[in-house]
Amino acid sequence: MPHLFIVGYENDAERKRVEYLLDKWSNRARISKVRGISFIIDASDVEGFAEELLSKLDPPTEGKVRVYRVEPEDIGSKIAPNRRELEYLAGEEPIVVQKLLKYVLSKFGAYYVSSEGNISRYRAYTKKGRMEIEASVEETGEGTRVVIGIEGYGTAVDDLARKLEKELSLLL
């Protein structure tokens, strides 16, 4: 059964990532981009609307209008994001650990988004997907405790977690 996807994007980079995905899936699925104007109409008299629409188009009208019955589907609730958490105890001061963490994350394509208290938020885009990263750095009686939470879809989360574990195990 065909599914109509309406994807809103914020910028050209996001649009290109979707285009790349469509190209990647082109040999596994039948994908056709909608040409012309697309809209969803929810009316009790769809046939009346269709008749008026056809009267506005130049002949021949055969094949110019394709209509699909759609119902919203919440795929977000069916596909939960993957989450990994890494935890370390470092002997360095929190400020040193934060700088080191920022460097290591930037090395893997993550960029700083915001901070709140001792939690810093980063975002990373890779070929395997987008990830949200939260890094908590706090001083404890035993040293500096570091907790890194990585959340996203697909294999991107496990790949980044594996790279971070390898890199941070050498540094912390």
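Annotations for the structure displayed:
- Checking each residue in the stretch 124-165 for being open to solvent by 70 Å² or more (accessible area, probe 1.4 Å), farther than 14 Å from Y88 by Cα and in contact (Cβ under 8 Å) with a residue 24 or more places away in the chain picks out Y125, K128, R130, E151, Y153, T155, K163.
- For the stretch 92-114, taking the residues that are in contact with an Asp or Glu (Cβ under 9 Å, 6 or more places away or on another chain) and in contact (Cβ under 8 Å) with a residue 40 or more places away in the chain, the one that is least open to solvent (accessible area, probe 1.4 Å) is identified as V104.
- Scanning the stretch 12-44 for residues that are within 16 Å of V70 (Cα to Cα) and of a type outside the set (F, W, Y) turns up V34, S38, I40, I41, D42, A43, S44.
- Some residue of the stretch 45-56 being within 30 Å of R145 (Cα to Cα), open to solvent by less than 80 Å² (accessible area, probe 1.4 Å) and not in a loop (DSSP other than H, G, I, E, B): no
- Taken across the stretch 27-43, residues that are within 22 Å of L160 (Cα to Cα), surrounded by 10 or more Cβ atoms within 10 Å (Cβ to Cβ) and not basic (K, R) do not occur at all.
The rows are residues; the columns are (1) loosely packed, with under 10 Cβ neighbours inside 10 Å; (2) of a type in the set (G, A, S).
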| site | (1), (2) |
| --- | --- |
| D58 | yes, no |
| G63 | yes, yes |
| S77 | yes, yes |
| E87 | no, no |
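- Against the conditions (1) assigned to a helix (DSSP H, G or I); (2) under 30 Å from D159 (Cβ atoms); (3) not assigned by the TED database to the domain that holds G129, N27 satisfies every one except (1).
This table checks each residue for (1) under 25 Å from E14 (Cβ atoms); (2) modelled with pLDDT under 90; (3) in contact with a Leu (Cβ under 7 Å, 6 or more places away or on another chain); (4) not assigned by the TED database to the domain that holds I37.
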site	(1), (2), (3), (4)
F108	yes, no, yes, yes
R121	yes, no, no, yes
G143	no, no, yes, yes
A156	yes, no, no, yes
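- When G117 is tested against (1) in contact with a strand residue (DSSP E or B) (Cβ under 8 Å, 6 or more places away or on another chain); (2) open to solvent by 60 Å² or more (accessible area, probe 1.4 Å); (3) of a type outside the set (D, E), exactly one condition is not met: (1).
The values are calculated or read from the model by the stated rules, or taken from the named source; none is laboratory data. Quick caveat, the model's predicted, so the values are computed rather than measured. Backbone-built Cβ (ideal geometry, glycine too); neighbour counts: all protein chains shown. The protein model used for the area step is the full one, side chains on, heavy atoms only, and it has no ligands, DNA or RNA in it. Shrake-Rupley method; radii C 1.70, N 1.55, O 1.52, S 1.80 Å.
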